[in-house]
Amino acid sequence: MSKSPVEIVQELLSDPTNPEVVERLVAADAKYVSLNFDTPDLKRIMPWAGSHDEPGALLQTFVDVNRYWTNEAFTITDWITQDGSVAAFGSFTYRSNVLGKQVTSAVAILAKVEGQQVTYMQFMEDTFATARSFRSGGTWTIQSNPDGTTIEV
């Protein structure tokens, strides 16, 4: 019996580090975009960041995320689907495994399902907050306001 695109994405997100689940639900040539399309500095902090189309990229991402953080909560509150595309919105709370810093972030996921498999997934979060869970020291001097003021973060 075939499943709806939402059911497929729900099942995948319920067990994304299980190779059997991921292999069954994700197409071998699926494209996965994590946080951005390509930011080398962010990739140094979070190696899974960026666009990936190699087999196993989605599974490796979730395995790595679970190496770097402990998932304390992951809640999807809203699902939207249309013509095989699924959007999911919610939040998660992670605790960094090295520093023990907790962060809660909004999350937005876009998935495309064809032939009972995910062929594309884009995962977006508050990257500034999650990267800060790894910060062990130092400050940034930020100058974003056109009035010339700076702030220290």
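Just so you know, all these numbers are worked out from the coordinates, no wet-lab data involved. None of the values given here were measured: they were computed from a predicted structure. Note that we place each Cβ from the backbone using ideal geometry, even for glycine, and neighbour counts take in every protein chain shown.
The table below lists the values:
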quantity	calculated
Spin-label model distance (nm) - ASP41 vs THR77, 7 Å beyond Cα toward Cβ	3.1
Choice from GLY90, GLY138, GLY115 showing the highest fluctuation, given a GNM over the chain with Cα pairs closer than 10 Å	GLY138
In the range 39-144, the chymotrypsin sites (Phe, Trp or Tyr not before Pro) that fall in loop regions by DSSP, at most 11 other Cβ within 10 Å	TRP140
Label corresponding to semi-axes √(5λ) of the Cα gyration tensor in Å when calculated from the structure given, among (i) 31, 17, 15; (ii) 28, 26, 13; (iii) 28, 19, 14	(i)
Calculated [θ] (222 nm, deg cm²/dmol) that DSSP helices of n ≥ 4 give over the chain, each run adding -39,500 (n - 2.57)	-7500 deg cm²/dmol
Spatially proximal lysines relative to LYS101 (Cα-Cα < 22 Å; intrachain offsets below 8 disregarded)	LYS43
C-alpha center-to-center spacing [the range 106-150, the range 24-71] in angstrom	13
Peptide ranges 99-111, 6-18 listed from the most packed, as the mean C-beta count within 10 angstrom indicates	6-18, 99-111
Hz values of 3J(HN,Hα) by residue in the range 68-80 - Karplus curve (6.51, -1.76, 1.60), Gly and Pro given as x	7, 10, 9, 7, 8, 6, 9, 10, 9, 9, 9, 10, 10
Sum of side-chain charges, VAL21 neighbourhood, beta-carbon under 11 Å (Lys, Arg +1; Asp, Glu -1)	-3
Using θ = phi - 60° and Karplus 6.51 cos²θ - 1.76 cosθ + 1.60, couplings along the range 5-16 (whole Hz; Gly, Pro as x)	x, 5, 4, 5, 5, 4, 5, 4, 5, 6, 8, x
